[in-house]
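None of the figures in this text is laboratory data; all of them are computed from the coordinates on show. What you see is a predicted model, and the numbers here were worked out from it, not measured in a lab. Every residue, glycine among them, receives a Cβ derived from its backbone with ideal geometry; neighbour counts consider all protein chains shown.
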Amino acid sequence: MDTVALLIIEVLNGISSLALTCAGLAIIFGMMRVINFAHGEFMMLGGYTTVVATNAGVNIWISMLILSPLVVGIIGIISERLLIRFFYGRLVDTLIATWGLSLLLIGIVTAIFGNYITGVSAPLGNFALGQYQLSIYRLVLIGLAVLLFVGIYFVFTRTRLGLIARGTMQNPDQAAVLGISPPRVYMITFGIGAALTGLAGGLLAPISQIIPTVGFTYVAQAFITVITGGTGAITGTIVASGIFGTVRQLVTYETTPIIGGVVLLIVAVVLLRLLPQGITGKIFRRSL
Amino acid sequence: MKIALDLKSWNTRGLIFVGVVMLALLFAGPEVFDLFVLLKVILFVSTAMLALSMGFIWGFGGILCFGQSAFFGIGGYAYAIGVINMGESTVPILLSVLVPAAFAMLLGYFMFYGRLSDIYLAVVTLAVTLIFYAFIRSTSGEEYVIGNARLMGFNGISSIPVFNWPGFPNSPLWPDDIFYVATTLLILVYFGLRILLRSHFGRVVVAIKENETRAEYLGYDVRFYKMIAFSIGAGIAGLAGCLFVSFNNFINPDVFALGLAAQIIMWVLIGGVGTLVGPMLGSLALQMLYNWLGTQTFASFLNTYLVFGAIILIFVLAVPQGLQPTARLLALRFLPFTRPPEEKARGGGDD
Amino acid sequence: MTDARPILETKGLTMRFGGVVAVDNVDFSLAEGELRCLIGPNGAGKTTFFRCLTHQYKPTSGKVIYRGDEITGSHTHQIARRGIGIKTQVPSVFDGLDVRENIWLSARRNHKDREANRVVDEILERIGLTHLAHQLVGQLAHGERQGVELGIVLTGDPELILLDEPTAGMTHEEVHRTTEMIREINRTASLIVVEHDMQFIKAIANKVTVFNQGAILVEDTMENVLKNQQVRDVYLGKREVA
């Protein structure tokens, strides 16, 4: 009985951390169609922000929930201004440019902090589930992931900013005619996506090891999940996270994390072979 | 199309020039270089072949693969495992080509027949590479044995036998001979690709890169052509991996690590997408830069990623065409004798 | 001629995008040797219908039948191999290759090497682009690129040709030449032409199919269509007819 409960919590954990990993990318790639190959490095920077701030005596919640998104959001806007905006509409060039950005960010962080593993310990301690000890923070993380996606959905469907952003992504020329400045909207949306990515990096910092190259463990699964999600970026990402998170966690539980990763990739490739438009491709344009 | 051997055209001149340089290297190499330099050159030849494979699938097939190093690594491991088990190198050399080509065919089937977008292709190939990295690193245990060959995890496989004369397992090649073999293979692969690109198959591959939809309207099955081109590229990368291993007597999972995957893309980016000589020169230039930086004290704060990232950004922002086409444009402009008599209005490099 | 057996038919062809029905249960039939124009106001479903025929879109339901065989599920390249030539609205050519290479790629699919070269010369002559044979197609004028695309299509010896707005962006002179060429093509192949230019349609077509709101509104001779009150209401009222 305890084992079943444990497994359910593990699966929910897997889903929520995958969904968190994808949140920013769902906006930057899913909605803006900008391929940010430095997504993993934005998460890595969020992680480092939390680690450095917490070790400097800042409250860990403030580090994770405020500083990480703030720092990475600013870095995101700087990258957008200096680099990414020159490549809008040119998919392959964006891919290479952001890949260069990703290596540069790894290089800078390595130069500053060295190629060592760091981390922070999870707050809130443990609770007992039968014979197992479980981290309370992991449970909180599940709740935070749900809150985050409810928030994103609310912002993009119910607020003026969200409507402007979606309108601009669908038809920048028309938006410009209505007096909206598309470059500004792109910049702000990219910034929000980066901030969410930083937030995810911060929130996942206590349960992962942080090294400069940690981003590459995130970037592939994040892209795979968002692409499999399909045209309805937010809904699709949630559904795809649900499928992949469950598969990976169950396989990992039975075997090793490496095999879990392999199976996730195989499931994704086969799924895309069956549903080339992604999961929400069938429900064309009706979901967000 | 029938190709007249027009000695005046830029393309033919370029090909002859490349051929002469390569043959000069082949024959003069062991005379001019001492053993230390010769070994370095063998390494360069191996990476040049890897660059060539990427230059082909990206520049002519339009397939941006972020995991070309995976095929290099698979080729290397296939050779290592084969030669340790067989005690002879001829069949393992073939395996180093066939195993990655077959794997690429399988992967390509899912990617191209599933009509995955460029982005997904990049992500899947990168993910495959990183999974190989993680998996091979985790194989240090004694249970990971293929025949007589232990995989040894992150320690890598060492004491791998070098090439021997076909049929004579006990007469290994000397470094001079390996140099000849490697350089000859590079020349064969380069001109082989050139011939391929002038064949019907090659022209269709280029046409697909130009306009996939039109190629389909003509009745060409683009999925098939892409899968085969991808598989050929993988086979060449595997052969490069085999040369690398034979020269080193050693392979470890770092061939699957991020660094090499990044470098391959940079070689092509620096040399010029859509050329074959460019990527080879790109690989040479980058490795020389890298070796030089390693000896400079002022550069001690630099690390691989920083340098690679900066180079990619500089090129993608400032020299997007790459060095070879840029140099060619400059040459055409400022060196009158390089101009073919009848300047044909052509884009991208063909030599 | 029009009472010959159909070369192409659709039965109940329907294409939905989410809630929008772009093509609604269309039964269409084209006789062997016929030249048919598809007209209709913007958004009437002509182009979507056209793309369902070429399998650029997979129809939601219904069938496409070519010479008695269902080709609904076939891939674009398989449809092309059956002898259907396709010319798109924006010229779809190989910009990075020269004119000769463009045509050669089409010729080489059906012919051996030497034969292919002969066919290429012939086609270049026919479309009047021999003097531009070694020019990159990307550097040609719009009308010339249209010509190259037409050449590519003709090279495949198609039995049915689908033309999407062949005169778009052409000069008066070029339209005239295209009209001649389409008449000539029609001697050996059946054609479906999507067009806006009424002068051009009058010049080439016997029979036109009028689309409105995803369905066929009228199918008749050009003369009768011009007189038809329904057609005037949905279409001609908004557009200058000469």
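Starting from a Cα-only point model with no solvent, please compute log10 I(q)/I(0) by Debye for the stretch A:113-223 at q = 0.12, 0.22 1/Å.
Log10 I(q)/I(0), no solvent term: -0.63, -1.21.
Quick one: which of B:226/C:46; B:226/C:112; B:209/C:58; C:63/C:87 span more than 29 angstrom between C-alpha atoms? It would help to have the intermediate numbers written out before the result.
Details: B:226/C:46 32 Å; B:226/C:112 22 Å; B:209/C:58 24 Å; C:63/C:87 22 Å.
Distance filter (> 29 Å) returns B:226/C:46.
For the stretch B:172-219, with equal point scatterers placed on the C-alpha atoms only and solvent neglected, what are the log10 I(q)/I(0) values from the Debye formula at q = 0.18, 0.28 1/Å, to two decimals?
At q = 0.18, 0.28 Å⁻¹ the computed log10 ratios are -0.63, -0.93.
Just the number, please: percent antiparallel of the DSSP beta bridges in the protein assembly as shown, rounded to the nearest 5.
Details: 31 of 48 bridges.
Rounded to the nearest five, the antiparallel share is 65 percent.
Okay, helix-only estimate at 222 nm for chain C: each DSSP H run of n ≥ 4 adds -39500 (n - 2.57), divide by all residues, round to 500 deg cm²/dmol; what do you get?
Numbers: 9 runs with 88 residues, N = 242.
About -10500 deg cm²/dmol.
Could you tell me which helices of chain A pass both thresholds, a Cα extent of 20 Å or more along their own axis and a mean Kyte-Doolittle hydropathy of at least -1.0, with helices taken as whole DSSP H runs? Numbers along the way, then the final one.
On the way: long enough: A:2-25 (35 Å, 1.60); A:39-55 (24 Å, 0.34); A:68-82 (21 Å, 1.47); A:91-113 (32 Å, 2.07); A:136-158 (33 Å, 2.02); A:182-204 (33 Å, 1.13); A:215-229 (21 Å, 1.26); A:233-254 (31 Å, 0.85); A:257-274 (26 Å, 2.69).
Going by DSSP H runs, the hits are A:2-25, A:39-55, A:68-82, A:91-113, A:136-158, A:182-204, A:215-229, A:233-254, A:257-274.
Give, as a single signed number, the net charge of other residues whose beta carbon lies under 12 Å from the beta carbon of residue B:112, with Lys and Arg counted +1 and Asp and Glu -1. Walk me through the numbers before you get to the answer.
Details: positive: A:273, B:115, B:223, B:226; negative: B:118, B:212, B:221.
Charge balance in the 12 Å sphere: +1.
If N is the number of residues in the stretch A:90-135, what value comes out of its Cα radius of gyration divided by 2.2 N^0.38 Å?
Details: Rg = 19.5 Å, N = 46, 2.2 N^0.38 = 9.4 Å.
The reported ratio for this selection is 2.07.
If each DSSP helix of 4+ residues adds -39,500 (n - 2.57) and the sum is divided by the residues in chain A, what number results at 222 nm, nearest 500 deg cm²/dmol?
Details: 11 runs with 197 residues, N = 288.
Computed mean residue ellipticity for chain A: -23000 deg cm²/dmol.
If you find the alpha carbon centre of the stretch A:131-203 and of the stretch B:153-167, how far apart are they in angstrom?
So the two Cα centres are separated by 52 Å.
Relative to the longest principal Cα axis of chain C, at what angle does helix C:99-110 sit, 0 to 90 degrees, rounded to 10?
Tilt relative to chain C: about 80 degrees.
Running a GNM on chain B with Cα contacts under 10 Å, which residue among B:283, B:96, B:159 ends up with the highest mean-square fluctuation?
Result for chain B, Cα springs under 10 Å: B:159 fluctuates most.
Over chain C, how many percent of alpha carbon pairs lie in each 10 Å bin up to the one with the longest distance?
Each 10 Å bin holds this share of Cα pairs: 7, 31, 36, 21, 5, 0.
Suppose every K and R has +1 on its Cβ and every D and E has -1 on its Cβ; what is the size of the dipole of the protein assembly as shown about the Cα centre, in Debye to the nearest 20?
Numbers: 62 positive and 58 negative charges, 240 e Å.
In total the dipole reaches around 1160 debye.
As an exercise, find the ratio Rg/Rh for the stretch B:30-180 from alpha-carbon atoms, using the Kirkwood inverse-distance average for Rh.
Numbers: Rg = 17.4 Å, Rh = 17.3 Å.
Reported Rg/Rh, Kirkwood definition of Rh: 1.01.
Just going by the charge dipole of the protein assembly as shown, with Lys and Arg at +1 and Asp and Glu at -1 on Cβ, which of C:50, A:106, B:42 is farthest out on the positive end?
My answer, from the dipole projection, is C:50.
In degrees between 0 and 90, to the nearest 10, how far off the longest principal axis of chain C does helix C:113-127 point, with axes built from Cα atoms?
The helix C:113-127 is inclined about 60 degrees to chain C.
So, with +1 on the Cβ of K and R and -1 on the Cβ of D and E, and no other charges, what is the size of the charge dipole of chain C about its Cα centre, to the nearest 20 debye?
Values: 29 positive and 33 negative charges, 109 e Å.
Computed about the Cα centre, the dipole is about 520 debye.
Can you say what percent of the DSSP beta bridges in chain C, counting only those with both residues inside, are antiparallel? Round to 5.
On the way: 22 of 39 bridges.
Around 55 percent antiparallel, to the nearest 5.
Report the net charge of residues surrounding residue C:190, where surrounding means a beta-carbon distance below 10 angstrom and charges are Lys +1, Arg +1, Asp -1, Glu -1. Walk me through the intermediate numbers first.
Values: positive: C:36; negative: C:32, C:34, C:159.
After counting each charged neighbour, the total is -2.
Could you tell me the convex hull volume per residue, in Å³, taken over the Cα atoms of the stretch B:1-104?
Details: hull volume 17.7 nm³, N = 104.
Spelled out: Cα convex hull of the stretch B:1-104, divided by residues, is 170 Å³.
Taking Cα pairs under 8 Å and at least six residues apart, what relative contact order does the stretch B:106-264 come out at, in percent?
Working: 116 pairs, mean separation 56.4, N = 159.
About 36 percent, as a whole number.
On the first, second and third principal axes, largest extent first, how far apart are the outermost C-alpha atoms of the stretch A:1-67 in Å?
43, 38, 15
Using only Cα atoms, tell me the angle between helix C:172-185 and the longest principal axis of chain C; keep it within 0 to 90° and round to the nearest 10.
Roughly 90 degrees, rounded to the nearest 10.
Can you give me the distance in nm between label points at residue A:111 and residue A:85, each placed 7 Å from the Cα along the Cα-to-Cβ direction?
Label-label distance for residue A:111 and residue A:85, simple model: 2.5 nm.
Is any helix in chain B, taking whole DSSP H runs, at least 24 angstrom long along its axis by alpha carbon and on average at least 1.0 on the Kyte-Doolittle scale, and which ones?
Answer set is B:10-32, B:35-59, B:90-113, B:118-137, B:175-198, B:222-248.
Under 10 Å, Cα contacts only: if you run a Gaussian network model on chain B, which one of B:75, B:19, B:238 comes out with the highest mean-square fluctuation?
Per the Cα network of chain B with a 10 Å cutoff, B:19 tops the list.
Using +1 at the C-beta of Lys and Arg and -1 at the C-beta of Asp and Glu, which of B:281, B:57, C:153 has the Cα lying farthest in the positive direction of the dipole of the protein assembly as shown?
C:153
For chain A, count the residues as N, evaluate 2.2 N^0.38 Å, and divide the Cα radius of gyration by that value, please.
Values: Rg = 18.7 Å, N = 288, 2.2 N^0.38 = 18.9 Å.
Normalised by 2.2 N^0.38 Å, the Cα Rg of chain A equals 0.99.
Straight distance only, please: which aspartates and glutamates reach the Cα of residue C:227 with their own Cα at less than 16 Å, same-chain residues fewer than 8 apart left out?
List returned: C:219, C:240.
May I ask which residue of B:227, A:270, B:239 lies farthest towards the positive end of the charge dipole of the protein assembly as shown, with charges of +1 (Lys, Arg) and -1 (Asp, Glu) on Cβ and the Cα centre as origin?
A:270
In terms of modelled amide H atoms, which long-range or inter-chain residues lie less than 5 Å from the amide H of residue B:140?
Hits under the 5 Å cutoff: B:153, B:154.
Return C:165, B:216, B:143 ranked ascending by Cβ neighbour count within 10 Å, so the fewest neighbours appear first.
On the way: C:165 21, B:216 24, B:143 7.
Exposure proxy ranking, most exposed first: B:143, C:165, B:216.
Could you tell me how many cubic angstrom of Cα convex hull volume the protein assembly as shown has per residue? Can you show the working numbers first?
Numbers: hull volume 178.8 nm³, N = 881.
Per-residue hull volume (Cα only) is 203 Å³.
How much space per residue, in cubic angstrom, does the convex hull of the C-alpha atoms of chain B take up?
Numbers: hull volume 58.1 nm³, N = 351.
Convex hull of Cα atoms, per residue: 166 Å³.
Net charge within 13 Å of residue C:125 by Cβ-Cβ distance, Lys/Arg positive one each and Asp/Glu negative one each, not counting residue C:125 itself?
Overall, the nearby charge balance is +1.
With +1 on each Lys and Arg Cβ and -1 on each Asp and Glu Cβ, how big is the dipole of chain B about its Cα centre, in debye rounded to the nearest 20? It would help to have the intermediate numbers written out before the result.
Working: 19 positive and 18 negative charges, 190 e Å.
Using only the charged Cβ atoms, the result is roughly 920 debye.
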